[in-house]
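Asks: There's a structure below that I have some questions on.
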Amino acid sequence: MIVTLVGTGPDSFERLVRPLDELAGKNGWDVFIQLGHTRYVPSHCKYERFLDRSVLLRMIEGAELVITQGGYGGIRDALLFNKPIVAVPRDPTLNESPDYQDEMVKAMEEKGYLIGLYDTNQLELSVEKAKSFSPAARDASTIPSLLADYVTKRFICH
Amino acid sequence: MILSSPLPVLLRYWLVQGVLYMNWMERLHRFALEALLIVLLAWLFGMLGDGMWVWIAAFLAAHTMSAIFNGHPFAVLVHDAGVRGVCYYRDRDRFLGYVEDMQARLERDRPIYLAGALVFGSIVRGVFRPTSDLDARYIPMPGAWNALRTAHLVFVERLRSTLKGFPMDIYMFRDARETAAKMNVSGELPLALYSRGSLVAEKFGKVMSMDDVKDLLKKNISQSDEIKPPRAIVVASGGGHLAEALLAIKGVPLRAIIVTLRLPHTEKTLQGVGWKRDYLINPHGDALKYLVNIWQSFWLVVKNRPELVISTGAGMVVPTCLIAKFLGAKLVFIETAARVTTPSRTGKFLYRFADEFYVQWEPLLKVYPKAKYGGVLL
């Protein structure tokens, strides 16, 4: 199954959901979409507006591929289970989000964590590519240990 | 809660200035000094004008000066109001260094009017915290004249502690009876900083020496259960920012309270996280909602007295971060992973106030030269 996350923000993301729905109808894909506030209602995909986090994580665990908006949350949840990811940045100039998402998607694509998709007409191609994609190994962030060092030095051992 | 927040504590302190606690001899010394100051200031102000206001202004100015120079402003700020970051003596060894200097001065001068000098409070229980203050009590030899001179010595020590920024409250007690009435002497032995002959031991029974106190403190440090992790407000808007913040504090020794937006899914995100939580309103650029956010932030800071505020953004965290910082907390900002080469507005703005600043992508080090790079939180 392809699990699709468009986030829980207040903006619609029809640019991704509509072509995905059409492709699902055409190719008989098994697609689930967490739809959030997207106004387009898919007819060939299963969907829920909002899902409990635990349920969503279980769905991602069972997915063969995750398609997500370019937000941090969805990408992180998919990486948690080492799933192939197609990330589609929302575009603020199309009123899809308050912030640009393409910076992070491009940077993560360079690291080999995911496949970035910037033109949703190419969705079918990206999905095909993703079937043979596995995300690169990730370095652990040192921020928690930097923070722990700071707290220990500043507040615990003077 | 509100009575232990900084403003009411300071106001109450300004009004009363410990006078209710003093004995009559010390009050006499204090009132005399303040009266002198009032007359002096009234004479000065009198050169600028005349009438009632000269005396009112002189009183207000003199009373405020007394609060600063003949009071214990740092003990109030650090110990009573819990304001962090105002005091240089958060360090145990520096704190003890100051106490040893006090002792050295007494040993050098050996004032004939002084019977003894005692210290009470947390450090004689072997506990030192960054909010500790020193409770010192000087006891005169019998007789009114000795008491007045001791009151003056106490005043000088008070003045010195203020000029050095040391959190001390110091008073004169006439005798062992007054000490027993005003201090909790049954639960703890006081530290004897100074004794004329064996007078202190005779009057107060068993007391501790400086070395005893140091041993006790050392023992407790090694047990380390007295060291509590700092209180921290971790503030982030819902969704990705909150997820990043939770990852950033994983394994960090904190007593954290998570502050975020009340969204349908935040309760779920926070399930099982185990931290206390609180909520703010999202202003969304609405001026009125911004005021509500500022008011909520102020309360949060007053209520939780954070020593540290940690944030990943977005814009709705700015009031909380600045109010906490202004009231003495350290500010740690983590630029969101969504930013790779260009700064976020919130990050750019809070950069100049932050004590620690972390970025998740290396190119941002060009924008934030003082930041530390730590890689993406995943």
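The values are calculated or read from the model by the stated rules, or taken from the named source; none is laboratory data. As the structure is a prediction and not an experimental result, all values here were calculated from the model. A quick note on method: Cβ atoms are made from the backbone with ideal geometry, for glycine too, and the neighbour counts reach across all protein chains shown. With ligands, DNA and RNA removed, areas are computed over all heavy atoms of the protein, side chains included. Shrake-Rupley method; radii C 1.70, N 1.55, O 1.52, S 1.80 Å.
Asks: Rounded to the nearest 0.05, what FRET efficiency do B:Glu100 and B:Lys218 have when you use their Cβ-Cβ distance and R0 = 25 Å?
Replies: 0.95
Asks: If you don't mind, another one. Which of A:Lys83/B:Lys325; A:Lys83/B:Lys276; A:Lys153/B:Lys303; B:Lys164/B:Lys214; A:Lys83/B:Lys250 have a Cα-Cα distance over 31 Å?
Replies: Pairs exceeding the cut-off: A:Lys83/B:Lys325; A:Lys83/B:Lys276.
Asks: Using a Förster distance of 41 Å, how high is the FRET efficiency between B:Arg12 and B:Val367, based on the Cβ-Cβ distance and rounded to 0.05?
Replies: With a Förster radius of 41 Å, E is 0.35.
Asks: Tell me the per residue accessible area of segment A:1-74 using a 1.4 Å probe; a whole number in Å² is fine.
Replies: Result: 43 Å² per residue.
Asks: Determine the dipole magnitude for segment B:247-378: charges of +1 sit on the beta-carbon of Lys and Arg, -1 on that of Asp and Glu, nothing else is charged, the reference point is the Cα centre, and the result goes in debye to the nearest 20.
Replies: 100 debye
Asks: For segment B:27-128, how big is Rg over Rh, using alpha carbon atoms and the Kirkwood form of Rh?
Replies: In segment B:27-128, Rg relative to Rh is 1.11.
Asks: Then there's this: Using the Cα centre as the reference, give the magnitude of the dipole from point charges on the C-beta atoms of segment B:64-116 (Lys, Arg: +1; Asp, Glu: -1; all else neutral), rounded to the nearest 20 debye.
Replies: 60 debye
Asks: Put +1 on the Cβ of every Lys and Arg and -1 on every Asp and Glu Cβ in segment B:97-193; which of B:Thr131, B:Val156, B:Met183 then has its Cα farthest towards the positive end of the dipole?
Replies: Checking the options against the dipole of segment B:97-193, the answer is B:Val156.
Asks: Something else: May I ask which residue of A:Val55, A:Trp29, A:Ile85 lies farthest towards the positive end of the charge dipole of segment A:21-102, with charges of +1 (Lys, Arg) and -1 (Asp, Glu) on Cβ and the Cα centre as origin?
Replies: Selected residue: A:Val55.
Asks: Sticking to Cα atoms, compute the Rg of segment A:1-68 to one decimal and its Dmax as the biggest Cα-Cα distance, whole number, in Å.
Replies: My reading of the Cα-based Rg and Dmax gives 11.1, 31 Å.
Asks: What's the average, rounded to a whole number, of partner chain beta-carbon atoms within 10 Å of each residue's beta-carbon in A:136-143?
Replies: Across the residues of A:136-143, the mean count of other-chain Cβ atoms within 10 Å is 6.
Asks: Run the simple label-point estimate for B:Arg255 and A:His44 please: 7 Å along Cα→C-beta, distance reported in nm.
Replies: It is 5.8 nm.
Asks: Under the rule of -39500 (n - 2.57) per DSSP H run of 4 or more residues, summed and divided by the residues of the protein assembly as shown, what mean residue ellipticity at 222 nm is obtained, to the nearest 500 deg cm²/dmol?
Replies: Rounded to the nearest 500, the figure is -13000 deg cm²/dmol.
Asks: Partner chain Cβ atoms within 10 Å, averaged over the residues of B:356-363 - can you pull that number for me?
Replies: If you average over the peptide's residues, the count of other-chain Cβ atoms is 3.
Asks: If you split all Cα-Cα distances of segment B:309-378 into 5 Å bins from zero, what percentages do you get per bin, shortest first?
Replies: 3, 19, 33, 24, 14, 6, 1
Asks: B:His152 versus B:Ala32, label points 7 Å from Cα toward the beta carbon: distance in nm?
Replies: Reported label-point gap for B:His152 and B:Ala32 is 0.8 nm.
Asks: Hey, can you find the accessible area per residue of chain B for me, probe 1.4 Å, expressed in square angstrom?
Replies: Values: 17490 Å² over 378 residues.
Value for chain B: 46 Å² per residue.
Asks: Quick one: buried accessible area between B and A, total over both chains, 1.4 angstrom probe, nearest 100 Å²? Write down the numbers at each step before the final one.
Replies: Working: alone 19030 and 9020 Å², together 24810 Å².
It comes to approximately 3200 Å² buried between B and A.
Asks: Starting from the Kirkwood radius over alpha-carbon pairs of segment A:33-80, derive D by Stokes-Einstein at 37 °C in a medium of 0.692 mPa s and give it in µm² s⁻¹.
Replies: Rounded to a whole number, D works out at 283 µm²/s.
Asks: Set the Förster distance to 41 Å, then compute FRET efficiency between A:Tyr118 and B:Lys228 from the Cβ-Cβ distance, nearest 0.05. Each step should come with its number before you reach the end.
Replies: Details: r = 49 Å, r/R0 = 1.21.
About 0.25, to the nearest 0.05.
Asks: Dividing the convex hull volume of the alpha carbon atoms of segment B:125-169 by its residue count, what do you get in Å³ per residue?
Replies: With only Cα atoms used, segment B:125-169 gives 70 Å³ per residue.
Asks: Of all the Cα-Cα pairs you can form in chain B, what percent are over 29 Å apart?
Replies: For chain B, the fraction of Cα-Cα distances above 29 Å is 55 percent.
Asks: Remind me, relative contact order of chain A in percent, using alpha carbon pairs under 8 angstrom and six or more residues apart?
Replies: In percent, rounded to a whole number, it is 20.
Asks: Would you mind telling me the share, in percent, of accessible area of the protein assembly as shown contributed by carbon and sulfur at probe 1.4 angstrom?
Replies: Exposed carbon and sulfur together represent 59 percent of the surface.
Asks: Give me the percent of Cα-Cα pairs in segment A:51-158 that sit more than 21 Å apart, rounded to a whole number.
Replies: Pairs farther apart than 21 Å: 46 percent.
Asks: Based on the alpha carbons, how large is the Rg to Rh ratio for the protein assembly as shown when Rh follows Kirkwood?
Replies: 1.14
Asks: In peptide A:45-51, what is the residue-averaged number of other protein chain Cβ atoms found within 10 Å of each Cβ?
Replies: Details: counts 0, 0, 0, 0, 1, 3, 2.
Mean shielding count: 1.
Asks: If you place +1 on the Cβ of every Lys and Arg and -1 on the Cβ of every Asp and Glu, how big does the dipole about the Cα centre of segment A:111-158 come out, in debye to the nearest 20?
Replies: 280 debye
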